[in-house]
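Heads up: the structure comes next, in structure tokens.
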Protein chains: 2
Amino acid sequence: MKKEVVIIGAGLVGTLLSIYLSKRGYNVTVFERRGDMRHEKIAAGRSINLALSDRGIRALEEVGIMEEIKKIAIPMHGRQIHHADGSSAYQAYGKNGQFINSVSRAALNIMLMNLAEENDVKIFFHEKCEFIDWKNNEVHFINGSDENTSTVKADLIFGADGAYSAARLTHQLQHERFQYQQYFIDYGYKELTIPAGENGNFNIEKNALHIWPRGNYMLIALPNMDGSFTCTLFFPFEGEPSFSSLKTKESIAGFFEETFADAKKIMPTLVDDFFSNPTSSLITVKCFPWIRGEKFALIGDAAHAIVPFFGQGMNAGFEDCSVLNGLIDEHNEDWKKILEAFQLSRKPDADAIADLALANFAEMRDKVNDATFLLQKKIEAKFSNKYPEKWTPAYGLVTFSPDVRYSEALRRGNVQQKIMDEVMQMKNIEEKWDSKEVEEKMLGLLS
Amino acid sequence: MKKEVVIIGAGLVGTLLSIYLSKRGYNVTVFERRGDMRHEKIAAGRSINLALSDRGIRALEEVGIMEEIKKIAIPMHGRQIHHADGSSAYQAYGKNGQFINSVSRAALNIMLMNLAEENDVKIFFHEKCEFIDWKNNEVHFINGSDENTSTVKADLIFGADGAYSAARLTHQLQHERFQYQQYFIDYGYKELTIPAGENGNFNIEKNALHIWPRGNYMLIALPNMDGSFTCTLFFPFEGEPSFSSLKTKESIAGFFEETFADAKKIMPTLVDDFFSNPTSSLITVKCFPWIRGEKFALIGDAAHAIVPFFGQGMNAGFEDCSVLNGLIDEHNEDWKKILEAFQLSRKPDADAIADLALANFAEMRDKVNDATFLLQKKIEAKFSNKYPEKWTPAYGLVTFSPDVRYSEALRRGNVQQKIMDEVMQMKNIEEKWDSKEVEEKMLGLLS
């Protein structure tokens with residue numbers, strides 16, 4: 001008999017996981033704290049659109065839904081950098097034909113829920129996980145609508161309930177020697193909007209991720225299917241300027257006029273959005289163990305919440321599902337071995353992408369504007385084109401090379417950065433950056 | 001009118017803090033989850049004796065109890081290292097006249113409780129903190145004996161309830177963007193005993209901290225007033241050998257016979273103690289913020305639990321109290337300013353001693369046995385004797401220099417370690433370690 005599986009959380013990772021497991025014949029039930037976004041308007045607070053890239057795509061292909069998702073995905077081939085003086089510059093993400101995809105979180109989640117239900121997964125909403133009773137393999141829920149409590153038996157329980165996971169908290173509080181770290185950066189984010197132009201036209205380049213880097217903070221924008229862009233302001237909580245310092249309509253309008261003048265022109269609801277949309281915080285969570293014997297695992301953000309600056313949160317969670325699915329085959333449905341292998345395999349990769357994501361914030365908000373950094377990228381790109389088997393920038397490894405583990409991408413990225421530190425120290429590097437000498441130097445340092 | 005102060009936890013730090021505050025005229029009430037150790041036998045689980053050194057002594061002097069405590073303190077002037085072959089070696093801790101003190105946790109705690117009550121502090125036992133209601137300034141307790149709940153109003157609340165602080169948990173769960181990390185090392189500890197010899201004689205050197213370093217693990221022993229020693233085995237949880245691998249009387253006796261033969265001879269109850277005493281884990285906690293406005297602060301282990309390998313857990317907590325007391329004067333009882341200054345001042349020092357303590361484990365269990373390490377210590381000691389104003393080893397700064405902050409001790413220790421790394425690379429350093437050349441090299445590197 002196939003196991004009874006309970007998944008806590010019907011977000012992106014929980015629903016994808018339910019599809020994988022249901023397709024294998026497990027009886028899968030999903031419990032979601034929020035309402036059903038197909039019928040109810042769900043309050044914001046999580047990002048509206050996301051960057052889907054190769055690791056996530058691989059998983060969506062495995063469950064056979066990628067063709068459908070392509071219809072709602074907008075390719076972004078590079079970064080469009082908007083300078084303070086109103087000029088802009090374009091930086092391709094990878095080689096020709098490589099791109100990431102802007103997708104609507106809600107649309108993607110709804111597609112996954114629908115596909116899950118088509119595969120006999122049952123999803124219950126407004127069910128908040130209160131407690132897991134490990135002795136009796138029971139999950140206790142309380143219904144947010146009628147306050148009824150219920151107890152659900154399961155052979156196998158997954159906590160896929162996100163960065164502030166209730167499953168993780170009950171796991172942690174009942175676990176000896178639980179390794180746990182939650183880390184908040186000093187920045188929050190607020191979502192704003194650039195509406196569609198006339199006839200649903202895009203007001204700025206459609207097929208790019210837009211960045212207004214301003215040193216200590218930045219604004220970004222991703223395209224939506226309807227011609228609008230969802231903007232996100234990543235901004236300090238405290239200091240000058242900060243969410244604390246911008247308190248009046250005048251100060252907000254003035255700040256945007258001064259700092260993001262070109263964006264402000266196409267953001268007619270800016271001030272109202274700024275007041276009505278929440279300011280959210282950015283958490284990194286590292287913990288261990290993720291599992292209990294053969295009966296429980298954390299997965300996705302619940303196991304390893306990361307900041308969004310590498311566009312990998314969802315992709316890492318989807319890759320979790322894909323890796324887990326592979327391990328089910330490998331260990332022939334022996335769940336003790338599967339879960340043990342899952343956490344041992346994924347923990348170093350989750351730690352690596354967490355660190356890469358934190359480091360990428362400085363790159364996005366600051367360095368993309370820096371002449372030395374841009375020259376370094378140019379040298380790397382040239383070298384990588386000539387010696388693709390020797391050199392792929394870390395961004396490419398993470399985003400476009402799903403066969404390279406995150407931990408390996410981090411390791412190789414560090415090696416390459418050391419080499420580039422030496423290269424950038426060469427005399428007159430600005431003049432001779434595309435010389436044979438620089439190429440020889442890099443080849444020498446590589447070996 | 002003086003503030004009503006509630007302190008959660010009647011351990012070493014909670015009772016010391018209550019004395020400081022009561023002496024200043026505050027109305028102080030202390031609530032303790034455990035029973036009253038003056039009337040009830042309290043279950044073990046925390047170390048039986050502790051190393052009291054200068055930072056702790058300074059605080060005990062400030063409340064006027066140090067003279068009394070000296071009567072129950074046993075000076076330890078250095079480390080007695082017991083090698084596997086049965087030989088032993090002595091390493092002095094500091095300069096002449098410098099020593100640390102072995103004191104009984106229970107005796108010290110009882111003295112502090114008695115002194116607190118003499119100063120009109122009220123202490124309630126079996127009161128477990130359930131929840132703090134920040135809006136109404138109320139602490140909710142549940143009584144462990146009769147299960148009655150009670151609610152206590154306070155102007156000022158301190159969480160002094162140790163590494164697994166309930167006050168910290170309620171603070172954390174209700175706090176936005178709380179930085180939190182709990183980290184367990186892969187080692188646990190178990191307390192064992194060397195009983196007194198005939199007529200209360202000490203079976204091994206009384207005035208030393210004894211270490212049996214064995215690379216990956218170690219046994220230590222601190223003297224007690226009655227002639228006995230409390231031993232602590234720091235040992236891996238898993239692997240070979242480990243707490244997991246030693247499961248039978250025979251394996252335990254055999255392991256000690258093989259590894260700690262000299263100690264085993266004077267540990268007649270070894271095997272029984274090994275079975276009946278708990279195996280405890282070793283946690284490091286870092287968190288922030290420690291305070292809420294003018295009404296709440298974590299203090300001691302509750303704010304910054306550390307591993308015991310520098311003998312500084314209690315000393316750091318006592319220093320917290322001393323620093324806080326100084327800030328009350330400095331900020332003229334303005335508690336908003338006092339608490340803000342307290343956490344800003346102490347957080348870097350708490351982080352530093354946490355890191356120093358983790359690093360010292362490797363030194364105690366492994367390096368004290370290593371010829372290169374011992375040579376380095378010899379070179380440092382000679383240099384430090386000649387140039388005391390230029391060089392004090394990190395151990396001395398932490399243990400005997402309470403005017404040097406922990407963070408400063410860590411910084412200076414790192415600088416000195418870098419210098420010693422270079423010195424130890426010198427050719428034939430074994431022969432010329434006390435030459436003018438080495439001395440000149442160190443002076444050169446210092447400037």
Exercise for the section: Pop out the ³J(HN,Hα) list for region A:225-237 in order, Karplus 6.51 cos²θ - 1.76 cosθ + 1.60 with θ = phi - 60°, rounded to Hz; leave Gly and Pro as x. Expected result: 4, 8, x, 8, 10, 8, 9, 10, 9, 9, 8, x, 5
Exercise for the section: Just tell me the longest site-free run in chain B, where the sites are GluC sites (Glu not before Pro) in a DSSP loop having at most 11 other beta-carbon atoms within 10 Å. Expected result: B:239-388
Exercise for the section: Could you check what % of the DSSP bridge pairs in chain B are antiparallel, to the nearest 5? Expected result: 75 percent
Exercise for the section: Could you work out which residue, out of B:Lys390, B:Lys382, B:Lys367, moves most in a Gaussian network model of chain B, that is, has the largest mean-square fluctuation with Cα springs under 10 Å? Expected result: B:Lys390
Practice task
Could you give the size of the charge dipole of chain A about its Cα centre, using +1 on the Cβ of each K and R and -1 on the Cβ of each D and E, expressed in debye and rounded to the nearest 20?
Solution key: 500 debye
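Take the residue pairs B:Lys2/B:Lys347; B:Lys95/B:Lys382; B:Lys2/B:Lys336; B:Lys377/B:Lys432 and return only those whose Cα atoms are more than 18 Å apart.
The answer is B:Lys2/B:Lys347.
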Handout entry: Helix A:335-365 axis, angle to chain A major axis (alpha carbon atoms, nearest 10°)
Key = 30 degrees
Fill in the blank from the handout: Per the charge dipole of region A:370-446 (beta-carbon charges, Lys/Arg positive, Asp/Glu negative, Cα centre), the residue among A:Leu445, A:Gln376, A:Trp433 reaching farthest to the positive end is A:Leu445
Problem - Closest-to-axis residue of chain A (Cβ criterion, axis taking A to B), whole Å - result: A:Gln181, 2
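Stokes-Einstein D for region B:370-446 at 37 °C, 0.692 mPa s, Kirkwood Rh over Cα pairs, in µm²/s?
Numbers: Rh = 12.8 Å.
The calculation lands on 257 µm²/s.
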Completion exercise
Counting only residues 5 or more apart in sequence or on a different chain, those whose built amide H sits under 5 Å from that of A:Asn49 are A:Arg105
Exercise for the section: Quickly estimate the mean residue ellipticity at 222 nm for chain A, helices only: each DSSP H run with n ≥ 4 gives -39500 (n - 2.57), and the total goes over all residues, rounded to 500. Expected result: -12500 deg cm²/dmol
Exercise for the section: For chain B, set up a Gaussian network in which alpha carbons nearer than 10 Å are linked by springs, and say which option among B:Asp272, B:Asp155, B:Asp133 fluctuates the most. Expected result: B:Asp272
Exercise for the section: Could you check how much of the accessible area of region B:370-446 is carbon and sulfur, as a whole percent, using a 1.4 Å probe? Expected result: 50 percent
Completion exercise
Restricted to the protein assembly as shown, the DSSP antiparallel beta bridge percent, nearest 5, is 75 percent
Fill in the blank from the handout: Gyration tensor (Cα only) of region A:184-281 to equivalent ellipsoid, semi-axes in Å sorted down, yields 23, 14, 12
Handout entry: Cα-based helix-to-principal-axis angle, B:12-23 vs chain B, degrees rounded to 10
Key = 50 degrees
Problem - Vicinal HN-Hα couplings computed from phi for region B:258-265 (Karplus, 6.51 cos²θ - 1.76 cosθ + 1.60; Hz; Gly/Pro x) - result: 6, 9, 10, 4, 5, 5, 4, 4
Problem - For region B:159-170, 3J(HN,Hα) per residue [Karplus equation, 6.51 cos²θ - 1.76 cosθ + 1.60, θ = phi - 60°, Hz, x = Gly/Pro] - result: x, 10, 9, x, 4, 9, 3, 6, 4, 5, 5, 5
Handout entry: Accessible area of B:Thr149 in the full protein assembly, 1.4 Å probe (Å², nearest 10)
Key = 110 Å²
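Per residue and in cubic angstrom, what volume does the convex hull of the Cα atoms of region B:38-155 have?
194 Å³
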Handout entry: Per-residue mean of C-beta atoms belonging to partner chains within 10 Å, peptide B:281-294
Key = 1
Practice task
Compute the label-point distances linking B:Glu176 to its equivalents in the other copies; points lie 7 Å from Cα along Cα→Cβ; give nm, one decimal, shortest first.
Solution key: 3.9
Practice task
For region A:266-384, just say rounded, prolate or oblate: build the C-alpha gyration tensor, square-root its eigenvalues into a ≥ b ≥ c, call rounded for a/c under 1.5, and beyond that prolate if a/b exceeds b/c, oblate if not.
Solution key: oblate
Practice task
List every residue whose amide H lies under 5 Å from the amide H of A:Ser88, counting only residues 5 or more places away in sequence or on a different chain, with H placed 1.01 Å from N in the peptide plane.
Solution key: A:His83
Problem - Dipole magnitude of the protein assembly as shown about its Cα centre (Cβ charges: Lys, Arg +1; Asp, Glu -1), debye to nearest 20 - result: 800 debye
Exercise for the section: Please pull out the direction-averaged projected area of the protein assembly as shown, using the convex hull of its alpha-carbon atoms, in nm² to one decimal place. Expected result: 43.9 nm²
Fill in the blank from the handout: Here the whole-number average of other chain Cβ atoms within 10 Å per Cβ of A:179-188 is 4
Completion exercise
homo-copy label distances at A:Asp226 (7 angstrom along Cα-Cβ), nm, one dp, ascending, are 7.8
Exercise for the section: Among B:Gly64, B:Thr248, A:Asn203, pick out the residue whose Cα is farthest towards the positive end of the charge dipole of the protein assembly as shown, where Lys and Arg carry +1 and Asp and Glu carry -1 on C-beta, about the Cα centre. Expected result: A:Asn203
Completion exercise
Expected max-MSF residue from A:Ser407, A:Ser384, A:Ser18 in the GNM of chain A (alpha carbon, under 10 Å) is A:Ser384
Exercise for the section: Give me the angle, in degrees from 0 to 90, between the Cα long axis of helix A:313-330 and the longest principal axis of the Cα atoms of chain A, rounded to the nearest 10. Expected result: 50 degrees
Handout entry: Dipole magnitude of region A:370-446 about its Cα centre (Cβ charges: Lys, Arg +1; Asp, Glu -1), debye to nearest 20
Key = 120 debye
Fill in the blank from the handout: homo-copy label distances at A:Ala261 (7 angstrom along Cα-Cβ), nm, one dp, ascending, are 8.6
Fill in the blank from the handout: Mean 1/r over distinct Cα pairs of chain B, inverted to a Kirkwood Rh in Å, yields 23.3 Å
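The values are calculated or read from the model by the stated rules, or taken from the named source; none is laboratory data. The model shown is predicted, which means the values in this text are computed figures rather than measured ones. We place every Cβ from the backbone using ideal geometry, glycine too, and count neighbours over all the protein chains shown. Ligands, DNA and RNA are excluded from the accessible area calculation, which covers all protein heavy atoms including side chains. Shrake-Rupley method; radii C 1.70, N 1.55, O 1.52, S 1.80 Å.
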